[in-house]
């Protein structure tokens, strides 16, 4: 009987091993993709691009939207469009955008707030212009030179959604927590999708720097206030056979919130939305099996990897349980197993930091990671007792 319960306990340890193995595979794939990109000397052959529309939802972004528009306009041709949706704004966002050279429409509907509603409103306006590609860019993101035509050409060539590398810059008054958060963000938005790209697997959509063939995007209902509408849209498109693809050569750049309160709000919205989506994972796995869709299966597996801080907490809890089982009942195998999983996780994080994160976080600053994990504990407690369900604008720092 004791052997049975030890086996059951070991099976619980396997629960933490699955996302860790996923991360190991993604880190290995990211190293391969980075090495292959470094060896490629020639640029890809240009692809003829039809008309482009850059759709920019904006809520109270008067202070920085002109910089964003100036980063986009030089990349557009006469046949292309830049449309700003000033959504429920209480400042001069609309006028600032017009002064900077963008076309602007205004939306006023206090009962239906959120980015999804703004995008749906903008798509209705774009229907008369009939662009071939729509690129969604947040009003606080700068488009790196060449990013817009590269995203459009890839969306045209592949007829699938294309996700740019969504890069976060550190705020001016940087703190140690900012640096750890920036590394966690880079791991999520560069290392993991780059790893999947090496195997031809789909990327998550990240909310900004997303390019869509217009005919594809028009098939989906964008009007909603889901906390992670981009993540949901990517899964919906993968279900429909149009899995998003990562394009690391195109970058959009934003800044982390400068204050701890702003950063916590942003993280709460993202992570509560992500954890809420996890409830749909069993149904999505079943759908992937019925459809025999490897791409959907890979997308759901990626969804099931929890945020890094939460994964560290889960591994810590299981390590304590395994240690207790060994000390009280002499169960050695679960303890050895979880120790191996923790070692594998730690090594993969060190490799990812060495290859992709040393410019953000120094070796000495790695010691702050446990404090970052503790800083995020209230976010996960809040998901259980006071879950975030509505979209709230994040406090912005100076634009990059």
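Go through the residues of segment 92-115 one by one and say whether even a single one is surrounded by 20 or more Cβ atoms within 10 Å (Cβ to Cβ) and within 21 Å of residue 205 (Cα to Cα). Scanning segment 92-115 turns up at least one residue that is surrounded by 20 or more Cβ atoms within 10 Å (Cβ to Cβ) and within 21 Å of residue 205 (Cα to Cα). Screening residue 239 with (1) closer than 19 Å to residue 132 by Cα; (2) surrounded by fewer than 24 Cβ atoms within 10 Å (Cβ to Cβ) gives one miss only, at (1).
Quick one: in segment 329-348, which of the residues that are in contact (Cβ under 8 Å) with a residue 24 or more places away in the chain and either under 21 Å from the mean Cα position of the chain (by Cα) or assigned to a loop (DSSP other than H, G, I, E, B) (or both) is farthest from residue 181 (Cα to Cα)? Step by step, filter segment 329-348, then rank; the result is 331.
Look at segment 349-369 and say how many of its residues are free of Cβ contacts under 8 Å to residues at least 24 places away in the same chain and part of a loop (DSSP other than H, G, I, E, B). Total meeting the criteria: 4. Just one of the listed residues (309, 298, 322, 288) is in contact with a helix residue (DSSP H, G or I) (Cβ under 6 Å, 6 or more places away or on another chain), within 23 Å of residue 245 (Cα to Cα) and either modelled with pLDDT of 90 or more or in a helix (DSSP H, G or I) (or both), namely 288.
Screening 143, 147, 139, 164 for residues that are within 29 Å of residue 92 (Cβ to Cβ) and at pLDDT below 95 leaves exactly one candidate, 139. Taking each residue of segment 272-290 that is at negative phi and surrounded by 14 or more Cβ atoms within 10 Å (Cβ to Cβ) and looking for partners that are modelled with pLDDT under 80 and in a helix (DSSP H, G or I) with beta-carbon atoms closer than 7 Å, six or more apart or interchain, yields 272/383; 275/383.
The values are calculated or read from the model by the stated rules, or taken from the named source; none is laboratory data. What you are looking at is a predicted structure, and each value in this text was computed from that prediction instead of being measured. Cβ atoms come from the backbone with ideal geometry, glycine included; neighbour counts cover every protein chain shown.
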